[in-house]
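Here the structure is laid out as C-alpha cells; the discussion comes afterwards.
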Amino acid sequence: MPSSTDGWTHAARATAHLVAFRARTVRRRAPAAVGLVVVLLLTVGFAWGPATVETDALASAPVERAIGTLQGNLGTALAGFLLLAVSAAMGAGGGRELLSRSEASIHPIGPVTEHLGALVLAPLNLAWLVQVWGLLAITALVTPPARLVGAQLVVLAWVLAATAVGQAVGWSVEGVRRTAHGVLVVRVGAGLVVAALAGLHLGGWLVPLVRALPTTWVAEAGQDSRWPLAVVALLALAGAAVVLGARPATWALGLPPREELDVQSGVHEARPVPAPRRGSPDRALLRRLDRGSVWRSVGMRRGLLVLGVGPGLVALVAGLEWSSVMLLPGLTASGAALLFGVNTWCLDGKGMVWRETLPVSAADVFDVRALVVAECMVAVSGVTVVLALLRNGLPPLVTGTAVAACWLVVVVQVLAIVLTWSMRSPYAVDLASPRATPAPHGAMAGYAGRLSLVTTLTAVLFTGVAALPWPWLPPLVAVPFLAWSSRRLVRARRCWLASDERARVVLTVAAV
Amino acid sequence: MSQTPAVVVRGLHVRFGDVEAVSGVDLSADHGRATALLGRNGAGKSTTMKVLAGVVPPTAGVVTVGGHDAATDALGVKRVVGYCPDVGGLVPRATPWEHLQLSARLRRMDDWEERGRDLLERFELGDVAHRVVGGFSHGMGRRLSVVLAALHEPAVLLLDEPFDGVDPRGVEATLEVVADARARGACVLLSTHLRDLALEACGDAIVLRGGNRVAAMQAVELTGEAYRALLD
C-alpha cells in the first residue's frame, strides 16, 4: 500500500506533467510568452520601483500623511489578500482545474493532484496579481531601502501562505456545499459573514479588529530585524496549509457535486412560446434558450450573484465616493463577461452544431446572443450603481451624466471586445462545473488584464470629465467611444455572418 | 418521367486550413430511398453530412439539397433538412421539450406537440422531456438527436452515426423513423460504421475513402468482403 509520501511524490509529478501538458497546448505561444515576461517585469517593477521615489525630496505634509496611512494599513492589506484568496477559492468551487472533469476522467488524477493544480493556477487570476502588485508597491514605498529585501520576502511568504490557506478553506467550503443542505448552509454562512462585516464596519469596530489581527505583526516584522523569523513562520504556515489542504480537497472531491447534479436533474416545465409585444417570437424564444443556458449553470449563476452584490455592498457599506463608484461598472461588467462572454458561443457547447441547422438567420442568432451578454453585464453593474445611489443619494447633474455615460460606454466597450474575441479565438468548453473557465487559464488572465485596463482607463477619463462644470460634456465624450465600439461590434457581427467563419467557430466550439 | 434527385453532390471539396477533409465527392440520393454512407474514420462522411445540413459551406463543388444550393441558400437547405449530428448536438442546459419547441417554432409548425410527445415516447424519452440534457447518457442524447431530426418530417433526413451507443430499442425506433421517412417519400442519408444496420435500413450504399467516393451500389451487393476490400 503506498505511503502518504508516495502519494505526495506521485501527485507532485502528476501536477508537473499536467502543467507541462497545458503549457504545450497553448495556442498562441508568442503572446503568451510576452504576457509572462510583462507580468514578471511588472512584479519586479512594483517590488523595487516605488523604493526609488525620493519621498524626502517631495517632503510635504500630504505626502507624509499618505505614506503614514499606507504604512499603518499594510497589515490590513495583507488581511485583505487573505480574504481574496479565500473568496476566489470558494467561488471556483474549491479551486481551478488543470484538466476539465471530462478530460480528467480517463486519467488517474487524484484529489491531491487536483489540490496542487489549483494552487499552481491561483496566480492566473488578475485580482490575485493586482493585489500582489499592490502589496509589493506599498511595501517598497514605506520601507527604508536597507530593509527592502527582507520586507519583500515577508510579503512573498505571506502571499504563499495566504494562497495556501485560502485554498484549504475553499476546499472545506466546497465539501460542506456538497453535503445534504450544504448549499443552504454555505449561502446562509456567507450571508452572515457579510452581514457581520457590514455591522462591524458601520459600528466602527472593523478597523480596530483588523488591526488586532496577526497580519499587523507580519507587516511590522517585515520592516525590522524580525523579518527572517516572519519568513520562516509564514513558509511553515504555507507548507502546513498545503499539506492540510489536501484533506478537505480529498473530502470535497469524494462527494458528488450536489448543486450541479440538482441542476442537471432539475425539471423545467414546458412554457408556451413567448409572444412579445415588440420583436419576433423567434428571437424571444432564442433569447429564452440563451438566458436558460446562463442561469441554469451553477458557475455562471454564482458568479453573476457575487459580481452583482459584492461590489455593490462595498459601495453601500464603505460609502464609496462617486469618483470611486465610477470604476465599478466597468470592472463588474468585465467580470460578468469573463464568466462566458469572452467565448460566448461556448454557451451552446456541443449543441452548437444542432443550433446551426435551425432555419433562422445568423443575424438573429448573433443579435440575441449579444443582447444576453449585455443583459448580464448591465444587470451586475446596475446593482452596483443602484446600491451606490442608495448610499450616496442623487449625485450632482454633471456627476450623474458622467456615471451614466461611463456605464454605457464600458458596457458597449466590453461587449464589442468580447464578441470580437469570441469570433477570433473560440474554445470547446463544458461550463457545467463551476471550476471550469470559458477559455484556458492563460488566455483568461490575458482577457481579464486587458478588459480591466480598458475599462479602468475609461472610468478614469470620465472621473476627470466629471470634475468639470459642464453636464453636457460626459455624453459628448461618450460619442467617439461608442462609435469605435459599435464599429468593432459590427465587424464581429459581419464575421459571424460569413458562413465559413461561422462554420469554423461552430466546429471549434462543438469540438467536432 | 425522371424526378430530380433530392441530394446532388458534384465535385465537393471541403478544406479546413491546410487539411482537405473532402476531396471531390460525387453522389446523388433520391426521394423515397435510404442511402448508407460508409467508410473508415476520417473518410469524409461527417463533413459531407455537415455540408448537406448547411452547417459547413462547400469550399468547391456543387451541392444541391431539396433544390436549394448549399453554397448560396443555406437557410433554404436548413428548412428542408432534418439532421442528427455525429457528436452531441444538444444544448446542454436546455430540456428535450425546449429543443423541440425551438425547432418547431423556427419551422413554423403549429400542431407539433402531439408528434413531439409521440416521438419522445417511441424513443423512451417521455419521462425526461423536461429535464436538462446535460445529465443525459450518451445513448439518450443520440436518441434525442434522432427525434429532433425527424420532428418536422423533413424532405431530406440526415442521420450521422445514429446507432452509436444506442440500445436495441433505440436502434429499432431509429429504423422505424427511417422506414417512415422513406414511406412518405423523403430522402434518407445514413452514415454509420455498422454495415449490418446500414444494410437493414438502406437500399443503396456509398463508400467513401480518404475524402473520395470509391463505390456506389445497391446495399445488398455490399458483402463483408467487398466492404473490407473497399476500405483498404
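Derivation of every value follows stated rules applied to the coordinates shown; laboratory data play no part. Please read all numbers here as calculations on a predicted model, not as lab measurements. Virtual Cβ from ideal backbone geometry, glycine too; neighbours counted across all protein chains shown.
The three principal axes of the C-alpha atoms in region A:402-512 carry coordinate ranges of 57, 33, 19 Å, sorted with the longest axis first.
Averaging 1/r over each pair of different alpha-carbon atoms in region A:233-303 and inverting the result gives 16.2 Å, the Kirkwood hydrodynamic radius. Under the combined filter of DSSP loop state and at most 16 neighbouring Cβ atoms within 10 Å, region A:159-221 retains these chymotrypsin sites (Phe, Trp or Tyr not before Pro): A:TRP205. With a Förster radius of 30 Å applied to the beta-carbon distance between B:ASP180 and B:LEU75, the computed FRET efficiency rounds to 0.70. Qualifying trypsin sites (Lys or Arg not before Pro) in region B:2-45, where qualification requires a DSSP coil assignment and no more than 16 other C-beta atoms within 10 Å, comprise B:ARG40.
From its DSSP helices (H runs of at least four residues, each -39,500 (n - 2.57)), chain B gives a residue-normalised ellipticity at 222 nm of -10000 deg cm²/dmol.
Spin-label model, A:GLU501/A:LEU192: points 7 Å from Cα along the beta carbon direction are separated by 5.3 nm. Using the Stokes-Einstein relation with a Kirkwood hydrodynamic radius computed over Cα pairs, the translational diffusion coefficient of region A:174-325 at 4 °C and a viscosity of 1.567 mPa s comes to 63 µm²/s. Each part reduced to its alpha carbon centroid, region B:193-232 and region A:59-115 end up 59 Å apart.
Between A:TRP484 and A:ASP262, residue separation times 0.36 nm minus the direct Cα-Cα distance comes to 75.6 nm.
Using 0.36 nm per residue and subtracting the Cα-Cα separation, the extra length available between A:VAL44 and A:ARG24 on full extension is 4.6 nm. Taking a sphere under 14 Å around the Cβ of A:THR250 and counting the other residues whose Cβ falls inside, with K and R at +1 and D and E at -1, yields a net charge of 0.
Computed extension length for A:VAL185-A:VAL207: 5.1 nm, one decimal, from 0.36 nm per residue of separation with the Cα-Cα distance subtracted. Screening chain B for DSSP H helices whose Cα atoms reach 15 Å or more along their own axis and whose mean Kyte hydropathy is at least -1.0 gives B:96-106, B:138-150, B:168-183.
Coordinate range of the alpha-carbon atoms in region B:25-103 per principal axis, descending: 38, 30, 28 Å.
Using 15 Å as the cut-off for backbone N distance, which residues of region A:129-165 belong to the label zone defined by a point 7 Å from the Cα of A:SER225 along Cα→Cβ? Residues A:147 qualify, since their backbone N sits under 15 Å from the label point. Of chain A, which part is the longest with no GluC sites (Glu not before Pro) in a loop (DSSP not H, G, I, E, B) and with at most 14 other C-beta atoms within 10 angstrom? The longest such stretch corresponds to A:55-268.
For the peptide A:486-499, the mean number of other protein chain Cβ atoms found within 10 angstrom of a residue's Cβ is 1.
The distance linking region B:70-84 with region A:262-289 is 24 Å (Cα centroid to Cα centroid, whole angstrom). Annotation: region A:281-512 has a Kirkwood hydrodynamic radius of 18.2 angstrom, from the mean reciprocal C-alpha pair distance.
Taking the convex hull of the alpha carbon atoms in region A:1-258, what volume per residue do you get, in Å³? Mind dumping the intermediate values first?
On the way: hull volume 39.1 nm³, N = 258.
Roughly 152 Å³ of hull volume per residue.
For A:SER425, A:SER265, the sequence from fewest to most other C-beta atoms within 10 Å is A:SER265, A:SER425. Evaluating kT/(6 pi eta Rh) at 20 °C and 1.002 mPa s, with the Kirkwood radius of chain B over Cα pairs in the Stokes-Einstein relation, gives 121 µm² s⁻¹. For the peptides A:271-282, A:152-163, residues were scored by their other Cβ atoms within 10 Å and the scores averaged per peptide; the highest-first order is A:152-163, A:271-282.
In deg cm²/dmol and to the nearest 500, what is the mean residue ellipticity at 222 nm of chain A if only DSSP H runs of at least 4 residues count, each as -39500 (n - 2.57), divided by the residue total? Intermediate results must be reported in sequence, preceding the final value.
Numbers: 24 runs with 388 residues, N = 512.
Value at 222 nm, helices only: -25000 deg cm²/dmol.
The rule of thumb for compact globular proteins, 2.2 N^0.38 Å, goes into the C-alpha radius of gyration of region A:95-186 1.42 times. The Kirkwood hydrodynamic radius of the protein assembly as shown, based on inverse pair distances between different Cα atoms, is 28.7 Å. Here region B:1-59 and region A:413-437 have alpha carbon centers that stand 32 Å from each other. Between beta-carbons, use under 15 Å as the cut-off and find the net charge around B:LEU189, counting Lys and Arg +1, Asp and Glu -1. Combined, the nearby Lys, Arg, Asp and Glu give -1. Scoring A:237-250, A:328-341 by mean Cβ neighbours within 10 Å over their residues and listing the highest first yields A:328-341, A:237-250.
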